[in-house]
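Below: the structure, in structure tokens.
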Amino acid sequence: MIIYVFLFFFLNSINLLALDVEEIVSERNVKAWIVEDNSVPIISMNLTFKGGAYFDAFGKEGTSTFVAALLDEGAGSLTSKEFKDEMSKLGMKLDFRSSKDELSVSFQTISKNKKKSFKLMRSALIEPRFDFEEIEKIRNQIISSIKINESNLRSFSSQQFEKNFYLDHKFSRNVEGSLKSIKDIKKTDLEEYKRKNFTKSNLIVGVSGDISKSEMKEQLDVIFGDLPKGDEKNFFINGIKDVRAGELKIQKKSPQTSVIFGHNGFHRNDEKYFAARIANYVLGGGGFQSKLYKKIREENGLVYSIYSYLLPNAAGGIILGGFQTKNENVHTTLDLLKKEWLHIKEKGITQEELNNAKSYFIGSFSRSFSSTKSIAALLNTVQTYKLGIDYFDRRSKIIEDLTLSFVNKVCKDFFRPNELFFTIVGDIS
Amino acid sequence: MKLIFFFLIFFSFTSLKSKLFDAKQFKLKNGLQVIVIENSRAPVVSQMIWYNVGSIDEKFGKSGLAHFLEHLMFKGTKKYPSGYYSKYISKNGGTENAFTSFDYTAYYQIVPTEHLEKIVELEADRMTNLTLTDEQVETEKKVILEERYQRIDSKPSAILDESIRKSLFPNHTYGTPIIGWEHEIKALTIDDVRKFYNDYYNPKNAILIFSGDVSLKKAKEYSEKYFGKIKVKNQININRIKLNDPILRTNIRINYDDENVKQKIWKRSFKTSSYKESIKNGIALDLGLKILTGGSTSILYRELVEKKKLVSSIGGYYQGMSRDKATVNFYAIPNENVEISNLEKQIYEIMKKSVVNGITEDRFILQKKKYEHESIYLRDSIFQPAQIIGEALSIGIALEEIESWDEFLNEITIEDVKNELKKFIKNNNYVTGLLG
């Protein structure tokens, strides 16, 4: 019996202390959040430079995507081939992508090769070569990718949504650029982007895995120490003010119509954010549980998938959703969708829905702890949105404290059926 | 005495090291095979159940049935009506889904540890107590048709893939799309579904896998308590007709183009031997193909993307985990004005030359090393090991064989790799597709 009680407490305390996050700051002032985890001999690091495609020059859209794609194409004394072979030998992985508001790199390595891997990573960030041959190779690949995305109904409709919804905000530009802008990008544009945007002041780092805090602290300087300091105020991203509402119809021959929809939302650190997130979980977010899923898929068989989610980007949040349906079903589906949007605005959610959503969000957090890769990504996200290192402890309470009346008050302001913008792409003639 | 002691330590050390996942297994009296992969780093556990049935088992005219049943498995039982299971998972922070393939149908849930027992109960319940109404079946049929329109009919590259596969497997049911042909989906009935469910959803025909924060003891307790009481419904033995395809003697080319296609894509699918036929040969082929065409350090990529600049990208991979014949799939994105016939000739020539002088000792060792690295990365996930084991067991590979994957790898010589590639290059069982 005593043993049983002891075990019980022991298990509980493990649950509570699941994530031991610490902030480390190196001598040369590089900051990172770290969770040590020695269960597998690997190290995962997630780093982002704030800005991403937002800082692409006009007429040179796609520059950040281009720079990201060149990060494993040769650096320092190593050519592209040598760099990649070295990565393979070390078991090091590097994934990078640019988005509307950040350029992100996911790094992983086998811990026994950490020192060499970190040096290689440093070289990629500090002294990328941008050799002519590799630039042309990547240019060609981005062009193919733009064309393939244009051929795809879903990605084409998403692009059309962004292009029109954000009006003249920089977020309206395609992250990959256009066929024209990609052709116009020169080596100097890539170097300029790297020089301006790879700085300590807009860098965010999350690390998890088989490395001690003190060693990681030293290694932070090896990797990032030589980055220029930069100035935080150069990385200001203008907020989204006006966005488009109404409908945009685009004719495309296809058996289905793809609809992307959305309207303005909240910043991630808005005090109403979690209430909106809970409400959206009930409306269109919660896997097989949402109202949109139940009403439109399960009851009426109109779609295979329908979803909505909060996109908390740096210029301000939006709520975004999408579905595809047979051309002749579009109007019926849109009517049902608008009805649900109005219903949640006017009636809010029920106590039971709130309880279920709360327990979902509290319970699901631990799934982010199941790999070093997902932990590193989580550490980065919490820093990106400035939620504070105590967020991991506070999070449950933030959720528990939400009352039904507060959530439903937020619903009233947040869901605005009249402001929805729909991009409707399909055989609509 | 000392010597033996030393030997024992050495032995246990190597055997420990060589086990890929260190999974445990046991069998219930009713035939259900249970696998446990313990990993307690996070208070999360996944349950997967793999039924040894897929689109391969569908009778002619009934395509899409295995996948249809997969959707309907979410429609509830007498004790736990429609929506109960999903709601239980969701409100406790879990996640779930299911997938159907040619050879298997699998369902999984990932939940916080303390909810494991309940989901074992719920999964066992729907193995045998599924209730279906005509209305549920008819509405879900609409959903599946929308899924088909979304996944295949509104995607030019998927239309092409479907056609390539049908031509590569003209007689075997592997040529039939998993989701089914549109007209046959429309004709499926509730009776078809019920019969399929009764025939194949049996403890004897399933593999249950727990992965994550669970002990062998708990796994035994729960699976015996809930799955153990299920009787094998009909004492049927599943007799699969062993279908084969004729040798493809004609040169098969498939072209798909429509106004939405903006980029040409070249594809070629080969029919080849599977891991099930020989794990060693399968690994040797996989190794060789990775050197030849796996990613941006491969020989074909360096020759055709970087040196000759014929394509913006090229790749190929072996899909060897199948009950019957396996496939190798190549793709290339040709640059503008590149003659496809020239591209094909170049690919062939480079492959032929590489077998003689491209598969170097360095490349071979490096590729082996990559395998070792991958097996380390696999352990950083609770879900992936379950996925790999489930797939392999479903097609008929034993757990011991998966666990000793590294031993197979160690046995393989550079000559084995070259031999597999030589065979592969002579393989005329292929279909070529062109998009655009």
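Out of the residues in segment B:241-254 that are touching a strand residue (DSSP E or B) at 6+ places or on another chain (Cβ under 9 Å) and β-branched (Val, Ile, Thr), which is surrounded by the most Cβ atoms within 10 Å (Cβ to Cβ)?
Filtering segment B:241-254 down to residues touching a strand residue (DSSP E or B) at 6+ places or on another chain (Cβ under 9 Å) leaves B:245, B:248, B:251-254.
Going one step further and asking which of them are β-branched (Val, Ile, Thr), we end up with B:252, B:254.
Numbers: B:Ile252: 16, B:Ile254: 19.
Applying the filter and picking the extreme gives B:Ile254.
Identify, from the list A:Lys89, A:Lys116, A:Lys147, A:Lys200, the residue that is out of contact with any Leu (no Cβ under 7 Å at 6 or more places or on another chain) and at pLDDT 95 or above.
Values: A:Lys89 fails: out of contact with any Leu (no Cβ under 7 Å at 6 or more places or on another chain); A:Lys116 fails: out of contact with any Leu (no Cβ under 7 Å at 6 or more places or on another chain); A:Lys200 fails: out of contact with any Leu (no Cβ under 7 Å at 6 or more places or on another chain).
After ruling out the rest, the residue left standing is A:Lys147.
For segment A:118-134, how many residues meet the condition of being surrounded by fewer than 16 Cβ atoms within 10 Å (Cβ to Cβ) and assigned to a strand (DSSP E or B)?
0
Does any residue of segment B:60-81 turn out to be hydroxyl-bearing (Ser, Thr, Tyr), under 28 Å from A:Gly286 (Cβ atoms) and modelled with pLDDT under 95? Write out each step before concluding.
First pass over segment B:60-81, keeping only residues hydroxyl-bearing (Ser, Thr, Tyr): B:63, B:77, B:80.
If we keep only those that are under 28 Å from A:Gly286 (Cβ atoms) too, we end up with B:77, B:80.
Okay, now just the ones that are also modelled with pLDDT under 95, so none.
No - not one qualifying residue is present in segment B:60-81.
Can you name the condition, by its number, that B:Lys307 falls short on among (1) more than 14 Å from chain A (Cβ to nearest Cβ); (2) exposed (fewer than 15 other Cβ atoms within 10 Å of the Cβ)?
Only one criterion in (1) more than 14 Å from chain A (Cβ to nearest Cβ); (2) exposed (fewer than 15 other Cβ atoms within 10 Å of the Cβ) is unmet by B:Lys307, namely (1).
Among the residues of segment A:170-179, are any out of contact with any helix residue (DSSP H, G or I) (no Cβ under 8 Å at 6 or more places or on another chain) and under 26 Å from B:Tyr301 (Cβ atoms)? Walk me through how you get there before you give the answer.
Within segment A:170-179, the subset out of contact with any helix residue (DSSP H, G or I) (no Cβ under 8 Å at 6 or more places or on another chain) is none.
Within segment A:170-179, none of the residues are out of contact with any helix residue (DSSP H, G or I) (no Cβ under 8 Å at 6 or more places or on another chain) and under 26 Å from B:Tyr301 (Cβ atoms).
Counting only residues that are buried (at least 19 other Cβ atoms within 10 Å of the Cβ) and more than 18 Å from A:Glu73 (Cβ to Cβ), how many does segment B:311-322 have?
5
Being without any contact (Cβ under 8 Å) to a residue 60 or more places away in the chain and not hydroxyl-bearing (Ser, Thr, Tyr) is the filter here, so list the residues in segment A:330-346 that pass it. Break it down stepwise before answering.
Here is the first cut: in segment A:330-346, the residues without any contact (Cβ under 8 Å) to a residue 60 or more places away in the chain are A:331-332, A:335-336, A:339-340, A:343.
Matches in segment A:330-346: A:His331, A:Asp335, A:Leu336, A:Lys339, A:Glu340, A:His343.
It is to be established whether one or more residues within segment B:255-266 are surrounded by 18 or more Cβ atoms within 10 Å (Cβ to Cβ), within 20 Å of B:Phe169 (Cβ to Cβ) and away from every other protein chain (no Cβ under 14 Å).
Within segment B:255-266 (the criterion being surrounded by 18 or more Cβ atoms within 10 Å (Cβ to Cβ), within 20 Å of B:Phe169 (Cβ to Cβ) and away from every other protein chain (no Cβ under 14 Å)), the answer is no, since none of the residues qualifies.
Considering only segment A:273-292, state which residues are at the interface with chain B (Cβ under 10 Å from one of its Cβ atoms) and under 17 Å from A:Lys338 (Cα atoms). Spell out the reasoning first.
Kept after step one, since they are at the interface with chain B (Cβ under 10 Å from one of its Cβ atoms), are these residues of segment A:273-292: A:281, A:286-290.
Result: A:Tyr281, A:Ser290.
Okay, residues lined up against (1) in contact with a Phe, Trp or Tyr (Cβ under 6 Å, 6 or more places away or on another chain); (2) part of a helix (DSSP H, G or I); (3) within 11 Å of chain A (Cβ to nearest Cβ):
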site	(1), (2), (3)
B:Val137	no, yes, yes
B:Glu140	no, yes, yes
B:Leu145	no, yes, yes
B:Gln150	yes, yes, yes
B:Ala158	no, yes, yes
B:Asp161	no, yes, no
B:Ile164	no, yes, no
B:Pro170	no, no, no
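Out of the residues in segment A:233-286 that are exposed (fewer than 13 other Cβ atoms within 10 Å of the Cβ) and of a type in the set (S, T, N, Q), which is farthest from A:Thr350 (Cα to Cα)?
A:Gln251
Output the qualifying pairs, or none if there are none: Cβ atoms under 8 angstrom, residues six or more apart or on different chains, first residue in segment B:183-208 and more than 14 Å from B:Ala124 (Cα to Cα), second residue in a helix (DSSP H, G or I) and among the small types (Gly, Ala, Ser).
Partner pairs satisfying both residue conditions: B:Phe196/B:Ala66.
Mind checking whether some residue in segment A:93-100 is assigned to a helix (DSSP H, G or I), in contact with a helix residue (DSSP H, G or I) (Cβ under 9 Å, 6 or more places away or on another chain) and either not assigned by TED's automatic domain parsing to the domain that holds A:Asp221 or not acidic (Asp, Glu) (or both)? Write out each step before concluding.
First pass over segment A:93-100, keeping only residues assigned to a helix (DSSP H, G or I): none.
No, the conditions are met nowhere in segment A:93-100.
Under the condition of being free of Cβ contacts under 8 Å to residues at least 40 places away in the same chain and not polar (S, T, N, Q), which residue from segment B:336-358 is surrounded by the most Cβ atoms within 10 Å (Cβ to Cβ)? Steps first, please.
Here is the first cut: in segment B:336-358, the ones free of Cβ contacts under 8 Å to residues at least 40 places away in the same chain are B:336-339, B:341-342, B:345, B:349, B:353, B:356-357.
Then drop every residue that is not not polar (S, T, N, Q), which leaves B:336, B:338-339, B:345, B:349, B:353, B:356.
On the way: B:Glu336: 9, B:Val338: 19, B:Glu339: 11, B:Lys345: 11, B:Glu349: 11, B:Lys353: 12, B:Val356: 9.
So the residue we want is B:Val338.
Tell me which strands (runs of 3 or more DSSP E) are completely within segment B:39-131 and hold 2 or more residues being touching a residue at least 60 places away in the same chain (Cβ under 8 Å), or say none if there are none.
Correct list: B:44-51, B:105-112.
Using the structure shown, decide if A:Leu311 is surrounded by fewer than 17 Cβ atoms within 10 Å (Cβ to Cβ), under 24 Å from A:Ser172 (Cβ atoms) and not hydroxyl-bearing (Ser, Thr, Tyr). Talk me through it step by step, then tell me what you get.
On the way: surrounded by fewer than 17 Cβ atoms within 10 Å (Cβ to Cβ): yes; under 24 Å from A:Ser172 (Cβ atoms): yes; not hydroxyl-bearing (Ser, Thr, Tyr): yes.
The answer is yes for A:Leu311.
Output the helices (runs of 4 or more DSSP H) that fall wholly within segment A:147-204 and possess 1 or more residues being closer than 27 Å to A:Lys326 by Cβ and more than 14 Å from chain B (Cβ to nearest Cβ), or say none.
A:153-165
If the Cβ limit is 7 Å and pairs must be 6+ apart or interchain, which residue in segment B:372-392 that is under 16 Å from A:Leu90 (Cα atoms) pairs with which residue that is buried (at least 20 other Cβ atoms within 10 Å of the Cβ) and small (Gly, Ala, Ser)?
B:His373/A:Gly91
Could you pull out the residue among A:Leu302, A:Leu283 that is closer than 25 Å to A:Asp270 by Cβ and in contact (Cβ under 8 Å) with a residue 12 or more places away in the chain?
After ruling out the rest, the residue left standing is A:Leu283.
Does B:Ile238 fit the bill of being of a type in the set (A, V, I, L, M), closer than 29 Å to B:Phe68 by Cβ and not assigned by TED's automatic domain parsing to the domain that holds B:Asn39? Full working, then the answer.
Details: of a type in the set (A, V, I, L, M): yes; closer than 29 Å to B:Phe68 by Cβ: yes; not assigned by TED's automatic domain parsing to the domain that holds B:Asn39: yes.
Here the answer is yes, as B:Ile238 does meet what is asked.
Among the residues of segment A:35-67, which ones are within 14 Å of chain B (Cβ to nearest Cβ) and more than 20 Å from the chain's Cα centre (by Cα)?
Hits for segment A:35-67 are A:Val35, A:Glu36, A:Asp37, A:Asn38, A:Ser39, A:Val40, A:Pro41, A:Ile42, A:Ile43.
Given the conditions (1) within 13 Å of chain B (Cβ to nearest Cβ); (2) closer than 30 Å to A:Tyr166 by Cα; (3) of a type outside the set (Gly, Ala, Ser), which single one is not true for A:Leu103?
With (1) within 13 Å of chain B (Cβ to nearest Cβ); (2) closer than 30 Å to A:Tyr166 by Cα; (3) of a type outside the set (Gly, Ala, Ser) applied to A:Leu103, the lone miss is (1).
In segment B:93-108, how many are surrounded by 20 or more Cβ atoms within 10 Å (Cβ to Cβ) and at the interface with another protein chain (Cβ under 9 Å from one of its Cβ atoms)?
Count: 3.
For segment B:252-268, how many residues meet the condition of being in contact with a Phe, Trp or Tyr (Cβ under 9 Å, 6 or more places away or on another chain) and in a loop (DSSP other than H, G, I, E, B)? Break it down stepwise before answering.
Taking segment B:252-268 and keeping what is in contact with a Phe, Trp or Tyr (Cβ under 9 Å, 6 or more places away or on another chain), we get B:252, B:260, B:265-268.
Those left that are additionally in a loop (DSSP other than H, G, I, E, B): B:260.
So the count comes out to 1.
State whether one or more residues within segment B:327-337 are modelled with pLDDT of 95 or more and closer than 28 Å to B:Ile49 by Cβ.
yes
The values are calculated or read from the model by the stated rules, or taken from the named source; none is laboratory data. As the structure is a prediction and not an experimental result, all values here were calculated from the model. Counting neighbours? That spans all protein chains shown, and the Cβs are built from the backbone with ideal geometry, glycine included.
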